[in-house]
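Undergrad: Attaching a single structure in structure tokens format; questions to follow.
The values are calculated or read from the model by the stated rules, or taken from the named source; none is laboratory data. Here the structure is a predicted model, which is why all the values come from computation and not from measurement. As a convention, Cβ positions derive from the backbone with ideal geometry for all residues, glycine included, and neighbour counts pool all protein chains shown.
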Amino acid sequence: MTRAEQSLKADKSPQPDTATEMGSAMAEIWRRLKWEEKREFVRLVDWGELERARQESSQSQHWDPRIYVGTTPAGLSFELLSEHVIDFVCTLSNVLSPREINAFVQDDEGYREYDRLDSIKTFLQEHRDTLHKDYVMIEFDDSTLVSAGDGCLSLALEGSHRQAVRIIATRFLKVCGYEHEFRQEHFSVVMWKDTLEVKEW
Amino acid sequence: MVNRRKLVKSTASFFRLLLEHSQRGYEPSPEHILKRMLAPLCQSFAELLQEGTKNDAWDLLESFSRECGRLERPG
């Protein structure tokens, strides 16, 4: 089967959602073409170029990923589903094993301090709504985690905690239900729908 | 009375979060930038203007500058 015939066959399957007006226009043109015209059309198209355009188009949409973890100059940056935030912060606390944990909460009513927390888990469970919609800074000794709500987090690691970057990222993915062993110093992992896109350098 | 030292540190942390988003391999949505980074920054700026001192403002600028120094600029 030639590439043109494969393409024609593929045309009978459901079309993917087109993210741009140009994509919609292309789909409309394709729908209106007669069989012979489609055969001619596929000879003109650079499929590699189209695929690159499709990828660029999907990446340029202002969608936020379901999962993100990436190294930063200060430590790590994260996006995860709200339902996993408490588990991840507890896991992070276990990895860092701080002597002292302090929290600083910023909401519509102002600012509140919670010093020398006995249990990070209890604090997080009592402030579940705050983690979802407000802004929280948690100090694990000298290292600092900020939560901007809905699973948007940034971690600045200090001192010996800086060695824990890959361990924290691995545990983060595990909390989200994924396994990956990081090998390089710098990396980013992003998941838009259901596939992890991993880059390491 | 707000703890101004922690307010400065928290504000610098949200500025860092903003810088970090600019380094990601995708474009975060404008809504995400507004809600997760600019909103807490704006609230903190207002609080610092109301409750803070000139030293707090200087400390904040130093913190911002420190974060900027760590920024990986495109070559």
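Undergrad: As an exercise: evaluate A:LEU131 against (1) free of Cβ contacts under 8 Å to residues at least 24 places away in the same chain; (2) within 14 Å of another protein chain (Cβ to nearest Cβ); (3) hydrophobic (A, V, I, L, M, F, W, C) and give the number of the one condition it does not meet.
TA: (1)
Undergrad: Six or more apart or on different chains, Cβ under 6 Å: which pairs go from a residue in the range A:185-197 that's outside any strand (DSSP E or B) to one that's of a type in the set (Ser, Thr, Tyr) and modelled with pLDDT of 95 or more? Could you list them?
TA: Pairs found: A:HIS186/A:THR71.
Undergrad: I've got another one for you. Considering only the range B:38-56, state which residues are surrounded by 14 or more Cβ atoms within 10 Å (Cβ to Cβ) and among the small types (Gly, Ala, Ser).
TA: Within the range B:38-56, B:ALA39, B:SER44, B:GLY52 qualify.
Undergrad: If I filter the range A:54-74 for residues that are away from chain B (no Cβ under 13 Å) and either modelled with pLDDT under 95 or under 24 Å from A:ILE138 (Cα atoms) (or both), do I get at least one hit?
TA: yes
Undergrad: With the condition being surrounded by fewer than 14 Cβ atoms within 10 Å (Cβ to Cβ), I'd like the strands (runs of 3 or more DSSP E) fully within the range A:36-151 carrying at least 1 qualifying residues.
TA: Correct list: A:110-114.
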